[in-house]
Amino acid sequence: MPKNRLFFVIMLLFIFIFTYSKVTAALEVVNDLYYSGQYEQALERMVERESSFLEKIGSEKYYLNLAYLYYENGMLDHYVNTLEKSYQASGKQPGLALKTAVGHYTAGSYDRAEEFFTRLAGTDLEHLSGIEQRRFFFYRGSNARAAGNLSQAEDYWQQGREHQPTYAGFDVELARLAEIQNNYEQALTYYQSALSKDSSISYVLPQMAEAAEHIGDYEQAWSYWQRSYESGISRERAARETERLQKMLPEKEPEPEPITEIEPAPDWEPDWKSYDLLDEDPGLLTLEVGVGQQKSRQLFQVDAPFRIINEQGLVILTYGEPYTEWELKRLESGEFQLKRAGESLAVFSGAYDLEIIPLEDRASIMLHNIAYGSGYFFAGREDRQYRGRMRIQVEDGRQFRTINRVNIQEYLVSVVPSEMPASWPMEALKAQTLAARSFTIRNLGRRQARYGFDLLDTVSDAAYSGINSEHPRTTEAVKATRGEVGVHGGRVIDAVFSSNSGGHTEDSVYVWGGEVPYLQGVNLIKGDSSIEFPLLPAGLIEWHQSSPETHSGPGSYSYEHAYRWMREVDLELLAERLDLSRVIDFRIKERSPGGYVQEIAVKGPEEVATIRGGVIRSTLGGVRSSSFSALRKYDEQGFLRQLILYGAGWGHGVGMDQTAAARMAGEGYSYREIFTTFYTGTEIETRY
């Protein structure tokens, strides 16, 4: 090839690379602006570079990204017109027809929305994915209701319920329709169905209580308000309503503290569970776990003789009979009272901690009515059986806290099956054991030290329910990996984990702050993929609204609604939690590169409330994760009327993805390979 011709080719190639790089850089700028909540500037850049962006990503993707930027800027006419351009450019793909239909519903053009829904209702419906079909029925019903056609809305939601029977959203909408028609019995039935399908939607408990009271079932209404309180839903109102309904139930004995402390059952018959002896190595690490909530009384039994001493060595009880009902109570004076089978045996100083010590090696202690999951949708109470000893730690006033003293093996055989189903593959259970053991050792003397013990028994540290949760398979995993931990830089790692990352784990720096080298985001997409984070706006929304093939995906170890979920936010509850008279607008202001929401601005009539970090999920009513996109619909006055989130995964998303670990184990990965996949640059060492 002549030199001048070669030079010309090289120059063309250089120009192409230079131009391509400039366009790529320009798209990255749009992305940066979008992820930082600067939607107006992102839109300006997108419009300025239209021709180059069209050439690089194609008209379908360009118009779809442009549409979402119009939407974020409140330009709804431009939004739906640009959606239609994307739909036309795609060759009228059913998926884009659905997006356009929902767009018109959001913009309030209900007739136009129904035109697109009608196009999809024929053979095109078969070409939609399961998640898309769910949205089709949900929004077609919502569109009909917004247009005033309640009977059509009910029909579409019933069709959706039959087509997608596991999705609770249809039941919630049908319950609300029944309430409009004053059919509270039917409304309650739908709400009960919804809660049975998705126990995390505890925000419906107040509506369930109201429906129960409308039909005269005050006992059930009382129960729902009590659950609402324990789940952290409208707690002040729930406390008032429970107290009010208490007076309407004369057959129910009044309780001195009806919400925070429930009286023990008069005839308590514990359900004892058999258990195996574990390591008797006296050198094993011992830890103390705070059990349940602070209280002023505790009913308990021991399956062996025991004694009670105080921290000064004074023997309070020399010999306690096994399988006998005992009670410890703090009196108004601050003293302790010890009862046996309801009969007072002794009153003694409440200034010192106590310890309940079984006198046999193979022994356990049963505690009655332990509260768990306070503030979470799964909150409840149950009797729990524990290995080891119990320390009664004196608190201010008439309170005390029950603390279980066990060795690390005894602790782990309860934690591992509490955190991961024992039926899952053994290699996944071993990986979970390594994570739990590493987390425990790393956090001893750190997380709860200011309260006088090591760890809490809740998911804020690790779920621990004593012998109740133990299982032979997880006990085997604990024994098989005895002493093994993850190490980075010579230190045991803080091996946090979550249920499901949605297909991409999160960097810890974006959740808790502070760079941790072994807690980096991991892409769990299976096989070759062009999906690389951060995604463009349309790509991110598609990530949340579709079900890509990843190790985290639904199957034997996860439900679809744990992987990809759709949740309407209760705006009244949101306003209550933020102390706003009403919610006018909702905007995502900042995201991490992995798409996790870091900051939200919620506008009220007179002020704007900011939600950041770890409280985002709880403030929004216990949504499954902070990896989500939002659909907002406004009323004619421009106030927010409906807020629906599309989300990915369940949990904070940092560290090991438990669902992905199980799928990887099922595909032949070893527990060591699984563990080191999620904890970057770590090694596994045996520490005891």
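No lab work stands behind these numbers, since they all come straight from the coordinates. Here the structure is a predicted model, which means the values were calculated and not measured. Neighbour counts run over all protein chains shown; Cβ positions are idealised from the backbone, glycine included.
If packing is taken as the average count of other Cβ atoms within 10 Å, what order do 166-178, 664-676 fall into, highest mean first? List each step's numbers first, then the result.
Values: 166-178: 22.3, 664-676: 18.8.
Answer by packing, highest mean first, reads 166-178, 664-676.
What is the diffusion coefficient of the range 497-654 in µm²/s, taking the Kirkwood radius over Cα pairs and the Stokes-Einstein relation at 4 °C with a viscosity of 1.567 mPa s?
Working: Rh = 16.2 Å.
So the translational diffusion coefficient is about 80 µm²/s.
Over the chain, what is the relative contact order in percent, taking alpha-carbon pairs closer than 8 angstrom and at least six residues apart? Intermediate values should be presented prior to the final figure.
Working: 1282 pairs, mean separation 74.0, N = 688.
Worked out over the chain, it gives 11 percent.
Counting Lys and Arg as +1 and Asp and Glu as -1, each charge on the Cβ, what is the dipole of the range 286-492 about the Cα centre in debye, to the nearest 20?
Rounded to the nearest 20 debye, it is 460 debye.
Distance between the C-alpha centers of the range 211-239 and the range 167-200? Whole Å please.
Between the Cα centres of the range 211-239 and the range 167-200 lies a distance of 16 Å.
Collect residues whose amide H, placed 1.01 Å from N in the peptide plane, falls under 5 Å from the amide H of residue 390; neighbours closer than 5 in sequence don't count.
Amide H neighbours of residue 390: 356, 405.
If I fit a long axis through the Cα atoms of helix 150-163 and take the longest principal axis of the Cα atoms of the chain, what angle between them do I get, 0 to 90°, rounded to 10?
Result, in degrees: 70.
Starting from 0.36 nm per residue, how many nanometres of slack lie between residue 352 and residue 119 once their C-alpha separation is accounted for? Before the final figure, lay out the partial values.
On the way: separation 233, 0.36 × 233 = 83.88 nm, distance 7.46 nm.
Residue separation times 0.36 nm, minus the Cα-Cα distance, leaves 76.4 nm.
Each label point is 7 Å from the Cα along the Cα-to-Cβ direction; what then is the distance between the points at residue 688 and residue 601, in nm?
In this crude label model, residue 688 to residue 601 measures out at 5.1 nm.
How big is the Rg/Rh ratio for the range 286-492, C-alpha atoms only, Rh by Kirkwood, two decimals? Write down the numbers at each step before the final one.
Values: Rg = 17.7 Å, Rh = 17.8 Å.
My calculation puts Rg/Rh at 0.99.
Return one quarter of the surface area of the convex hull spanned by the alpha-carbon atoms of the range 55-237, equal to its mean projected area, in nm².
On the way: hull surface 49.5 nm².
Averaged projected hull area, Cα only: 12.4 nm².
By counting other Cβ atoms within 10 Å of each Cβ, how are 203, 679 ranked from fewest to most?
Values: 203 24, 679 30.
Result, fewest neighbours first: 203, 679.
Using the Cα centre of the chain as the reference point, and only Cβ charges (+1 on K/R, -1 on D/E), how large is the resulting charge dipole? Debye, rounded to the nearest 20. Please report the intermediate quantities before stating the final value.
Working: 71 positive and 98 negative charges, 380 e Å.
Here the size comes out at about 1820 debye.
Quick check for you: which residues of the range 318-353 have the amide N under 20 Å from the point 7 Å beyond the Cα of residue 274 toward its beta carbon?
It comes to 323, nothing else.
Run the dipole for the range 612-660 about the Cα centre, Lys and Arg Cβ at +1, Asp and Glu Cβ at -1, nothing else charged, and hand back the magnitude in debye, nearest 20.
On the way: 6 positive and 3 negative charges, 14 e Å.
So the magnitude is around 60 debye.
Assuming 0.36 nm per residue, please report the length gained on full extension of the stretch residue 152 to residue 318 beyond their Cα-Cα distance.
Numbers: separation 166, 0.36 × 166 = 59.76 nm, distance 7.29 nm.
Length gained, residue 152 through residue 318: 52.5 nm.
Once the Cα gyration tensor of the range 83-184 is diagonalised, what are the square roots of 5 times its eigenvalues, in whole Å and ordered largest first, as equivalent ellipsoid semi-axes? Walk me through the numbers before you get to the answer.
Values: eigenvalues 122, 47, 17 Å².
Equivalent-ellipsoid dimensions as semi-axes: 25, 15, 9 Å.
Compute from the Cα atoms of the range 414-564 the Rg and the Dmax, the latter being the longest Cα-Cα distance, and quote both in angstrom.
Here Rg and the maximum Cα pair distance are 17.2, 50 Å.
Taking 0.36 nm per residue of sequence separation and subtracting the Cα-Cα distance, how much length would be gained by fully extending the chain between residue 680 and residue 81, in nm to one decimal?
So the chain would gain 211.1 nm between residue 680 and residue 81.
Given 95, 189, 232, which one lies farthest toward the positive end of the charge dipole of the range 55-237, if we put +1 on the Cβ of every Lys and Arg and -1 on the Cβ of every Asp and Glu?
Going by the charge dipole, the pick is 95.
When the Cα centres of the range 665-679 and the range 364-422 are compared, how far apart do they sit, in Å?
Using only Cα atoms, the two centres lie 30 Å from each other.
Fewest to most neighbouring Cβ within 10 Å: what's the order for 349, 364?
Working: 349 13, 364 19.
Ordered from fewest to most neighbouring Cβ atoms within 10 Å, 349, 364 come out as 349, 364.
Using only Cα atoms, what Kirkwood radius does the chain have, in angstroms?
Numbers: mean 1/r = 0.0356 Å⁻¹.
For the chain, inverting the mean 1/r across all distinct Cα pairs yields 28.1 Å.
What order do you get for 23, 406 when you list them from fewest to most C-beta neighbours inside 10 Å? Each step should come with its number before you reach the end.
On the way: 23 16, 406 23.
Listing 23, 406 from fewest to most nearby Cβ atoms yields 23, 406.
Rg and Dmax in Å for the range 126-199, alpha carbons only: what are they?
Reported Rg and Dmax, both Å: 12.0, 38.
With the contact rule set at Cα under 8 Å and sequence spacing of 6 or more, what percent relative contact order holds for the range 453-576?
Numbers: 80 pairs, mean separation 21.1, N = 124.
So the answer I get is 17 percent.
Return the long-range amide H neighbours of residue 506 (sequence gap of 5 or more, or a different chain), with a cut-off of under 5 Å between placed amide H atoms.
522, 654, 655
Please name whichever of 274, 397, 575 sits farthest to the positive end of the charge dipole of the chain, dipole taken about the Cα centre and charges placed at Cβ: Lys and Arg +1, Asp and Glu -1.
The Cα lying farthest towards the positive end belongs to 575.
May I ask you to work out the translational diffusion coefficient for the range 533-622 at 4 °C, viscosity 1.567 mPa s, via Stokes-Einstein with Rh from the Kirkwood sum over Cα pairs, reported in whole µm²/s?
Working: Rh = 14.8 Å.
In µm²/s, the coefficient rounds to 87.
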